[in-house]
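Structure first, commentary second.
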Amino acid sequence: MNVDRRRETPLARRGAPRFIADRTHLVEDAETALRLGKHVLLRGPTGSGKTRLAEALADRLQLDMESVNCSVDLDLEALLGHRTLGISEGRTVVEYVEGPVIRAMRLGRMLYIDELNVARPEVLPILHGALDHRRQLTNPLTAEVVVAHPNFCVIAAINEGYAGTSALNEALLNRFVVFDVPYVQGEALAQLIREASALSNADHVERFVRLSADLVRASEIGELPVEAASVRALLDACDLSAHMPPLRAIRYAIAGKLSDPREQDLVLELASSYFRGE
Ligand SMILES: Nc1ncnc2c1ncn2[C@@H]1O[C@H](COP(=O)(O)OP(=O)(O)OP(=O)(O)O)[C@@H](O)[C@H]1O
Ligand SMILES: [Mg+2]
């Protein structure tokens, strides 16, 4: 079969990243919060579209984006920049290379901080002044006070409840307005599958939407981990199923990611009620 991996999805072709929400006012309200100078925390499980939503908001506000990906190794340098040796007029000099936080503050960009709750809590207080009414911080690498450009804003994302994450420090959390980003469902999910995946069979799209509802329900009652209902995984399954039987696609893209064989079996059992014999 000839699969063109460079194939552009309709979403990608249109250029602007689109976030599709259920009937909620998620996108408009988060945009309003940012326009009012608030910083936004997106809270939701893996593959629920948090990064996509941040991109869509940057696009709506016409802001360039700087990104920081938190890990337990995140240090001040990854946020603020580092010093390096350079040559000026034949002499070796110490130069400062700006990090994403300083760049975003100075140039008025959106700062996207992914997995904020994975960073060690002692690294983040440096951001407090930038995130509250002061809108400034003292850069310990240069001893300069950096005052944020009026357009500077922060979107942070957290995946709650996963191994390796810690509860956000109250003082940091207090500096954000919080938006929950659940897995999109129903007609909005159908629209997303149609726009963003390779699947065009309308009947199959409907069945994937119903399977997703079952997966969400099973995760709500604790029979499956929450990521079993990930929209990212579902879109992968839809893409694959445009080229192979859906049950196989679901095994590779959804069931196969679960570590417990009983959970894998449950996913396939739920899926087979929609796709048996396909
Ligand atoms: N509501 C949605 N609207 C548009 N795209 C979505 C939506 N939900 C999920 N997606 C798609 O699913 C994929 C995963 O989304 P994204 O990477 O933004 O998730 P995430 O919440 O940031 O996940 P993680 O916590 O693992 O970083 C992307 O291809 C994204 O376009
Ligand atoms: Mg993300």
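Every read-out reported here was derived from the displayed coordinates using simple, explicitly stated rules and does not represent laboratory data. Quantities reported herein were computed from a predicted structural model and do not represent experimental measurements. Cβ: placed from backbone, ideal geometry, glycine included. Neighbour counts: every protein chain shown.
Quick check on the exposure proxy: order HIS128, HIS204 from fewest to most C-beta atoms within 10 angstrom. Walk me through the intermediate numbers first.
On the way: HIS128 15, HIS204 18.
Ordered from fewest to most neighbouring Cβ atoms within 10 Å, HIS128, HIS204 come out as HIS128, HIS204.
Checking every one of the trypsin sites (Lys or Arg not before Pro) in region 52-137 against DSSP loop status and a limit of 13 other Cβ atoms within 10 Å picks out ARG134. Whole-Hz Karplus values for region 40-47 come out as 10, 10, 9, 10, x, x, 4, x Hz, taken residue by residue from phi with 6.51 cos²θ - 1.76 cosθ + 1.60 and θ = phi - 60°; glycine and proline positions read x. Of the complete DSSP H runs in the chain, those spanning 24 angstrom or more by Cα along the long axis with a mean Kyte-Doolittle score not below -1.0 are 202-220. For the pair GLN136 and ALA188, a Förster radius of 35 Å applied to the C-beta separation gives a FRET efficiency near 0.30, rounded to the nearest 0.05. Rounded to 0.05, the FRET efficiency of the LEU76 and ASP22 pair, given R0 = 45 Å and the Cβ-Cβ distance, is 0.70. Counted by neighbouring Cβ atoms within 10 Å, the residues ILE126, ILE221 run from fewest to most as ILE221, ILE126.
Placing pseudo-labels 7 Å out from each Cα toward the beta carbon at THR92 and HIS149 gives an inter-label distance of 3.5 nm.
Sorting SER197, SER273 by the number of Cβ atoms found within 10 Å of their own Cβ, with the fewest placed first, yields SER273, SER197.
Residue separation of GLU269 and ARG248 scaled by 0.36 nm, minus their Cα-Cα distance, works out to 6.3 nm of gained length.
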